Structure formats: structure tokens, C-alpha cells
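Have a look at the structure below, then the notes.
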Amino acid sequence: MSAQPESPDPSLPDTGMATGNDEGEPGHLDSRPLAKDERRLLKQLRKPGEGTAEPAVEDDAAVAAAAADDAPLPAEGAAGGNADGLDAQFTDR
């Protein structure tokens, strides 16, 4: 008769998939409402600091499109090529 391994702890999940049992842990969204001091801090963080409140580079539509397509950002100021002079040349030879 072969020895079988001991049965796992029944309180542990039998899968490595996310089960939601880690809610509230760092790195995971927490669905609980914010406390009064947390709401105050969030309000302060949403206000712009000193100076102008310019949009972040990450908020640009081209960045979002490149991230969605897993593609590089388009070259700035270059119409149809690179600004380094190393454009590829294709021929019918």
C-alpha cells in the first residue's frame, strides 16, 4: 500500500486563484468606507499644490493608446520618421 500525503488544511483554499480573502491587504483595493481623517487626507491630495496644475504625461490620450496596444509612444515632432536621421529605406531590389 502506498502512503498518501496528509490532507491539506480545510481552511486553506485549494487554488492559487484570487479568492478575495486578501481584501484590505496592501496592494489590494479595500471596499470599506474611508474614515474621517482618511477622507480629509484624500481631499488634500486631490488639490493641486503650489504652482500650476498641469496634467501628467500619463494622462495623455496617446499614452493611454500606447499602453492599451502595448506599443511604444509616437516620436515627438517627427513626421513619419525618427529625428536621429537613421530612417530605414525600403527598395524593390
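Readers should treat all values here as calculations from the given coordinates under stated rules, not as data from a laboratory. All values reported here derive from a predicted model rather than from experimental measurement.
Subtracting the Cα-Cα distance from 0.36 nm times the residue separation, let me have the gained length for Ala64 to Lys43 in nm, one decimal.
Details: separation 21, 0.36 × 21 = 7.56 nm, distance 2.57 nm.
Stretched out fully, the Ala64 to Lys43 stretch lengthens by 5.0 nm.
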Added length on full extension, which subtracts the Cα-Cα distance from 0.36 nm per residue, Ser11 to Ala71: 17.3 nm
